[in-house]
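J.: I'd like to ask some things about the structure below.
The values are calculated or read from the model by the stated rules, or taken from the named source; none is laboratory data. This one's a predicted model, so the numbers in the text were calculated from it and none came from an experiment. Counting neighbours? That spans all protein chains shown, and the Cβs are built from the backbone with ideal geometry, glycine included.
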Amino acid sequence: MQTSAVRSISSGTQVHFAEAPCDELVPPIDGLYRSILDSIRDGVYFVDLDGTILYWNRAAEAISGYKPEEVVGRVRGECVLRHCTSEGSMLCGAGCPIERSILDGAPHEAEVWIHHKRGHRVPVCIRATPVRDDGGCVVGCVEVFSDNSRKIVSLEQAKELNRLAFIDELTEVGNRRSVEIRLRELFSDPHGMGMPVGVLFIDVDHFKDFNDRHGHDTGDQVLRAVAATLGANLRAFDFVGRWGGEEFVVVTSATSLRDLQQLGERLRALVQRTNVEIDSQSLSVTVSIGGAITIVGDDPASLVARADGHLYESKGSGRNRSTVR
């Protein structure tokens with residue numbers, strides 16, 4: 001394919017080639033243009049209609065690890081610039097922003113991953129813009145790409161911080177904040193259609209004795225065992241969180257009083273069969289449970305308060321009991 005010398009780069013969405021023909025493989029980008037392109041932090045490269053790379057700036061080398069002499073003159077998809085998604089799926093054909101720009105003559109943006117010379121993938125934000133001659137015909141494409149690593153890291157850190165804000169670090173179930181949010185969601189859900197909400201307030205019996213006799217590490221192990229038992233025996237849309245100390249709260253929706261009573265008794269019995277192994281000793285664990293279901297005029301605080309009151313009835317009746325009404 002005959003190429004043309006690059007004479008100007010517009011400030012809009014199109015890049016133009018001048019009409020002056022050139023027999024060289026790489027259009028001469030001299031003086032001001034080369035200085036500008038090599039001074040920016042974004043990677044920039046040009047391809048013709050066949051996908052042959054005609055120019056590769058300094059930032060493109062810094063981001064990808066490939067020098068201009070390693071890529072210029074080679075077909076883009078056959079060397080380094082094989083775009084893929086975060087899941088590793090290759091973006092070929094119509095999924096590739098450059099090929100889309102060449103086909104429809106419009107600019108396209110995407111967040112993709114490219115191949116680094118050292119073998120790893122680099123997340124980049126790319127902007128592909130069609131290159132036109134003075135007659136308006138698309139003769140190639142310019143891609144500008146920037147390293148997206150910091151954004152990816154920041155997003156992952158934000159996700160982790162968000163997770164930690166709602167997860168109890170010791171037991172890995174929800175924390176009190178997440179329980180309160182779940183209750184507010186259920187009470188404000190317009191699709192709930194008045195379906196009842198149930199709460200089970202659960203307290204580990206004689207927890208202070210575990211800590212005093214066996215140490216806090218054993219106490220932590222007891223809490224993790226109870227949390228695991230509760231979490232493994234709920235429906236997918238039920239929720240369990242650590243309220244604080246040795247207390248847990250289960251939130252369940254679309255339930256009846258009888259269903260909540262059965263759930264409370266089942267969880268109590270399952271925890272009773274849970275043993276914690278410490279220094280060849282098998283320690284048994286029990287819990288006391290109080291439960292309540294919504295009545296007219298309830299809000300999250302009043303529902304939890306009633307469940308908490310029923311919990312104290314269970315503890316006052318000898319513990320290892322479930323009182324739900």
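J.: Out of V179, V199, which single residue is crowded, with 18+ Cβ neighbours inside 10 Å, assigned to a helix (DSSP H, G or I) and in contact (Cβ under 8 Å) with a residue 12 or more places away in the chain?
T.: Checking each option against the conditions leaves just V179.
J.: Would you point out the residue of segment 278-305, among those that are touching a residue at least 60 places away in the same chain (Cβ under 8 Å) and in a helix (DSSP H, G or I), that is surrounded by the most Cβ atoms within 10 Å (Cβ to Cβ)?
T.: Only one residue fits best here, namely L303.
J.: Among the residues of segment 231-244, how many are within 20 Å of L303 (Cα to Cα) and either loosely packed, with under 15 Cβ neighbours inside 10 Å or of a type in the set (A, V, I, L, M) (or both)?
T.: 4
J.: Now for a different question. If you go through segment 131-185, how many residues are modelled with pLDDT of 90 or more and among the polar types (S, T, N, Q)?
T.: Qualifying residue count, segment 131-185: 3.
J.: Given the conditions (1) at pLDDT 80 or above; (2) of a type outside the set (A, V, I, L, M); (3) out of contact with any Lys or Arg (no Cβ under 8 Å at 6 or more places or on another chain); (4) part of a loop (DSSP other than H, G, I, E, B), report the number of the one that E24 does not fulfil.
T.: (1)
J.: Would you be able to tell me the number of residues in segment 99-128 that are at pLDDT below 90, assigned to a strand (DSSP E or B) and either under 12 Å from G140 (Cα atoms) or small (G, A, S) (or both)?
T.: 1
J.: Somewhere in segment 249-265, is a residue closer than 25 Å to G219 by Cα, surrounded by fewer than 17 Cβ atoms within 10 Å (Cβ to Cβ) and either among the β-branched types (V, I, T) or assigned by TED's automatic domain parsing to the domain that holds N211 (or both)?
T.: Checked against the condition, which is being closer than 25 Å to G219 by Cα, surrounded by fewer than 17 Cβ atoms within 10 Å (Cβ to Cβ) and either among the β-branched types (V, I, T) or assigned by TED's automatic domain parsing to the domain that holds N211 (or both), segment 249-265 yields at least one hit.
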